[in-house]
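Enquirer: Once you've had a glance at the structure underneath, I'll fire off some questions.
Just so you know, all these numbers are worked out from the coordinates, no wet-lab data involved. This structure is a prediction, so every number in the text was calculated from the model and none was measured. Positions of Cβ are backbone-derived with ideal geometry, glycine not excepted, and every protein chain shown enters the neighbour counts.
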Amino acid sequence: MTAQQQPPTAPTSAVPSAEPDAVPLSGPRFHTDPAHLYQEMRRDHGPVVPVTLPGDIPAWLVVGYRELHRVTSDPTLFTRDMDLWNQWPNIPDDWPLLPMVNKKQPSIYYTVGEEHKRHAEVVGDALEAVDPFQLRKDTEELADGLIDAFCGSGAAELVGDYARLLPVLALARVVGFRDEQAPELARDMNALADGGEDAIASHQRVLAALAELVAAKRRLPGPDVTSRMLGHRIALTDQELQLDLAAITIAGHQPTADWIGNSLRLILTEERFAASLSGGQQSIGQAMNEVLWADTPTQILAGRWAARDAQLGGRHVRAGDMLLLGLAGANGDPQVHEQVGVHTGGNGAHFSFSHGEFRCPFPAQEISEIIARTAIEVLLDRLPDIDLAVPADELTRRPSPFLRGLTRLPVRFTPTVRQFR
């Protein structure tokens, strides 16, 4: 590699500090009133907002639609190469957000350039081969099983009893786990998503289960994603396979669970959806699309790093600065709403799956949509008179600036008989 071909590096002089008007990326409004909070950020700071992460670590939050499109469309200037981060000298080993920027993992999430393309091809091809009809059939079966557990009682808590279980159970089949292994995987995946005291141990158990799955499928392949990745013409190491499978399952589970929960909340609280439920399918699709615009499961995504000094949204971004993708903020940008509107049919120009080279792979989006839509359709078909068991304003969100999902969704309905005995 010549000197001109060397990748850019962050400056080694003084470590930049936070801007004097930086907004702490914390506080209850990220989960109680994010739409107005992003409006205020845009009013006070423009489309690129200086923020601070835990430990007073500075970053930029991109909440302008046009600016976010630029960032995600230019992986050379705004790269995923986290080695460039100019804050590494300030990051302790126990920094709480370190898992989001873990530069030591050779997976599809943490590689760049040709190495990223190598991982993306293996993952994309394996997911592309998932049979959508079989996936829907499996999801219907799993949904019926979960509903059978509470349909006779006349009441349920749809986050814990349904939305947070179904995606991981369906994904377990997709990647090749046996059904009897899925409940333990679901417990660990949800503990990991909660970020509590058991999160690190749960993450280790998930990785261990995936390592065992890779070894088992190497001995006896099957019609599943893991086996297809093992048989791909591009050979990944067992560690790479394990980490890429973790990316598929972890990143696929929680956003899909919150997509289900947020869509059900919208359907059960908005008359324009409730009034047409008896008419069938279209209103469900509209609700799901509106959630991706206005109530997206992933509010903020880390991240990109500036390869050199640049101007973005009127801000001077320094080489090595971190940029956080403000997916929810950009989705709510009034400039784009004036052009397309939120409720215009199936308009999919939102950022909920990100954009550009590092966006969620299209087959993964299709898998998530099949699981989420099937979950909602089966539930409303089985329990047609379902209603909220508490006032809508008592529903609470998970306390996170990054993820947006309900903590609980209690409902009531007329008890019905089990589908399977």
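Enquirer: How charged is the neighbourhood of Gly285? Take every other residue with its Cβ under 13 Å from the Cβ of Gly285, and add Lys/Arg as +1 and Asp/Glu as -1.
Expert: Charge balance near Gly285 sits at -2.
Enquirer: Could you point to the residue in Val48, Gly356, Ile284 farthest towards the positive end of the chain's charge dipole, with +1 and -1 charges on the Cβ of Lys/Arg and Asp/Glu respectively?
Expert: Going by the Cα projections, it comes out as Gly356.
Enquirer: Translational diffusion coefficient of the stretch 181-263 at 20 °C, 1.002 mPa s, Stokes-Einstein with Kirkwood Rh over Cα pairs, in µm²/s as a whole number.
Expert: 157
Enquirer: A further question follows. Kirkwood-based Rg over Rh for the stretch 53-145 (C-alpha set), two decimals?
Expert: 1.10
Enquirer: Something else: Tell me, Kirkwood radius of the stretch 156-208 from alpha-carbon pair distances, in Å?
Expert: 11.3
Enquirer: Now for a separate question. Show the residues, 5+ positions off or on another chain, whose built amide H is closer than 5 Å to the amide H of Val23.
Expert: Close amide H contacts, sequence-distant or interchain: Val51, Thr52.
Enquirer: With a cut-off of at most 14 other beta carbons within 10 Å, and DSSP calling the residue loop, which trypsin sites (Lys or Arg not before Pro) in the stretch 148-226 qualify? Please list them.
Expert: Qualifying residues, ordered by number: Arg178.
Enquirer: Another question, then. What chymotrypsin sites (Phe, Trp or Tyr not before Pro) in the stretch 389-421 are in a loop by DSSP, with at most 12 other Cβ atoms within 10 Å of the Cβ?
Expert: Of the chymotrypsin sites (Phe, Trp or Tyr not before Pro), the ones in loops of the stretch 389-421 whose Cβ has at most 12 other Cβ atoms within 10 Å are Phe420.
Enquirer: What net charge do the residues around Pro20 carry, taking every other residue with its C-beta under 15 Å from that of Pro20, with Lys and Arg at +1 and Asp and Glu at -1?
Expert: -3
Enquirer: Based on DSSP, what percent of beta bridges with both residues in the chain are antiparallel, to the nearest 5?
Expert: So the antiparallel bridges in the chain amount to around 80 percent.
Enquirer: Moving to a separate point now. Considering all projection directions equally, how large on average is the shadow of the alpha-carbon convex hull of the stretch 308-421, in square nanometres?
Expert: 11.7
Enquirer: Kindly provide the Kirkwood hydrodynamic radius of the chain in Å, to one decimal, from all pairs of distinct alpha carbon atoms.
Expert: 22.5
Enquirer: What relative contact order, as a whole-number percentage, does the stretch 19-412 give when Cα pairs under 8 Å and 6 or more residues apart are counted?
Expert: About 26 percent, as a whole number.
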